[in-house]
Amino acid sequence: MKKKLAGSVAVSAGILLSRVTGLLREIVVRRSYGVSAIGDAYTAALRIPNLLQNLLGEGVLSASFIPVYSEMVDSDSKRAARLASTMFAFLVVVCSPVVVALVVFARPLTELFLIGNANEETIDTATQLTQIMAPGIGVLVLSAWSLGVLNSHRRFFLPYAAPVVWSLAQIAVVFGPDTASTRTLAVRVAWASTVGAVLQFVIQLPAVRRSNPHIGRAVDFASAEFRSVLRRLGAVVIGRGSAQLSAFVDLFLAGFLASGALTALGAAQVFYLLPISLFAMSVAAAELPELSRMNNDPDAVADRLAAGLVTIGFFMVFTTLVFVLAGRRVIDAAFGIIPGDSFQSDGLLLIALVLGAYSLGLLAIGASRLLQNTFYALGDATTPAQIAVVRYGVSALLGLVLMLQFDRLFVYDGVITGFDQLMAPFEPLPQAIRSRDDLPLRLGAAGLALGAAAGAWFELVALRIRLLDRLERSSLTRGKWRALVFPALSATLWMLVSLPVTQTWNSLISGVVVVGPAGLIYVFTASTTRVPVARSMIDRLSRS
């Protein structure tokens, strides 16, 4: 139990450091662009080369490499090192030609994925940024390999904190010499991203060598262990391939929305992914090596899974309440930290609305991460991949339907209008409207986010059904989730009362007054309903 807590705490601490720095990076960078064509180009350029990170990055290696390496490392460190070395060589061989292709064919790829975008400046800028950032994304795949090795040796903090240098490199550029245009700044940030990726990988190498000094001495592509990893890898890549396809579909669909949609999606996702990384992934990542070691004991797996789900639920429920009820205060406070005026009030409202829509699926996403890792630990990478394919299809279909109708709505002077156009023909707005930066911002991005939330709940239900059958259980949490109902209602009541009272206050002070006491109420009431993680937090406070 102590090892489990130590692992989760180390992961959480590392992720917290990297995500807070990443959040600061996004605020600084996106505030420089605003909700604009350059902001859309920056978001697109991040997503196109991210093909490599999604297909061969952390999630894929967690499912395929870590379970096999973790089982070997305690019994035969030399064989484990040979497997790690072989995986590194494999990733280099696979990534190199893909990076070259992304650089050479950046223009046609950008035009393909943004075919609905009528703004030529967005296309040109996204192409240039993609060419610069693609090599860095390839290096981030190697950084994910380092994370896999270190996690298997129960070293969690460094690999999850390493992305801090990637963020700091970009922040430094923004605060560097003034630039003549936002496009010039975007190019500088892209170069900083690539340099930061190299630094992120390099700082982990000494720890990797110390964890297993035999790494790098030999490779064996014919070994049984490597073939086992490849079998798992194939199934996971199918699932990740569907995730990447979904990301490209979202990019493609967003191209048919009014200018600023990609910027709003990208900015909202920074906040939306923070609790997933900090809470869900920290628990899931720390549990994967341990679950892999006990994969022959279904009872032990079920016990750890139940505890992990309640822990994830505790954090995700509160975060959902904050983002849905007080999302505008959170966004205003975050973007108000850095001086500047690129983000107008309507732009911040649009980001908050998209964040609220995404957040409706937070609990499902968090629980699904742990369920997926449980399947991986049990040696089944196929089931999560199959379900993921269907999930992304559901998200895309619902997102398409909702985004076109929501794009009829627009924000003007803090008020959402255009409801009389909701029953307009099922088609994109005219290009002359979509391509202009000087018109009111539209809500199509919120429709895409709602589709993603619905798809997340579909995935959770499907994973739960299959895992219950696999473990021969009737419940995953054994009803322990009910202990979160009263704390959630208590926190909701405080926010509903305090929001109108603090409406005219400074955004940062208002956010603290609304969210801070709600969090305390949530933790204390959860401790009275015997939620373990809440009681642990109270115990630590009482001892300090």
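Based on what the data block shows, is Thr502 surrounded by 15 or more Cβ atoms within 10 Å (Cβ to Cβ), at pLDDT 95 or above and of a type in the set (Val, Ile, Thr)?
no
State the number of residues belonging to region 459-480 that are in a helix (DSSP H, G or I) and buried (at least 19 other Cβ atoms within 10 Å of the Cβ).
Within region 459-480, residues that are in a helix (DSSP H, G or I) and buried (at least 19 other Cβ atoms within 10 Å of the Cβ) number 5.
I need a count of the residues in region 145-179 that are among the aromatic types (Phe, Trp, Tyr) and closer than 21 Å to Val68 by Cα.
3
Give me the helices (runs of 4 or more DSSP H) completely within region 47-128, filtered to those with at least 3 residues that are farther than 30 Å from Val187 by Cα and touching a Lys or Arg at 6+ places or on another chain (Cβ under 7 Å), ordered by residue number.
Per the criteria, 58-73.
So in region 160-207, with the set limited to residues that are within 30 Å of Val149 (Cβ to Cβ) and without any contact (Cβ under 8 Å) to a residue 24 or more places away in the chain, which one is farthest from the chain's Cα centre (by Cα)?
In this case the residue turns out to be Pro206.
So Gly451 ticks every box in (1) buried (at least 19 other Cβ atoms within 10 Å of the Cβ); (2) without any contact (Cβ under 8 Å) to a residue 12 or more places away in the chain but one. Which box is left unticked?
(2)
If you check Leu370, Leu360, which single one turns out to be aliphatic (A, V, I, L, M) and surrounded by fewer than 22 Cβ atoms within 10 Å (Cβ to Cβ)?
Working: Leu370 fails: surrounded by fewer than 22 Cβ atoms within 10 Å (Cβ to Cβ).
After ruling out the rest, the residue left standing is Leu360.
Which residues, counting only those in region 74-95, are in contact (Cβ under 8 Å) with a residue 12 or more places away in the chain and not hydrophobic (A, V, I, L, M, F, W, C)?
Of the residues in region 74-95, the ones in contact (Cβ under 8 Å) with a residue 12 or more places away in the chain are 77-92, 94-95.
If the condition is that a residue be in contact (Cβ under 8 Å) with a residue 12 or more places away in the chain and not hydrophobic (A, V, I, L, M, F, W, C), then Ser77, Lys78, Arg79, Arg82, Ser85, Thr86 are the ones that fit.
Any chance region 415-429 includes a residue that's part of a helix (DSSP H, G or I), loosely packed, with under 12 Cβ neighbours inside 10 Å and modelled with pLDDT under 90?
yes
The values are calculated or read from the model by the stated rules, or taken from the named source; none is laboratory data. Please read these numbers as outputs of a predicted model, since none were measured by experiment. Using ideal geometry, Cβ is built from the backbone for each residue, glycine included, and neighbour counts are taken over all protein chains shown.
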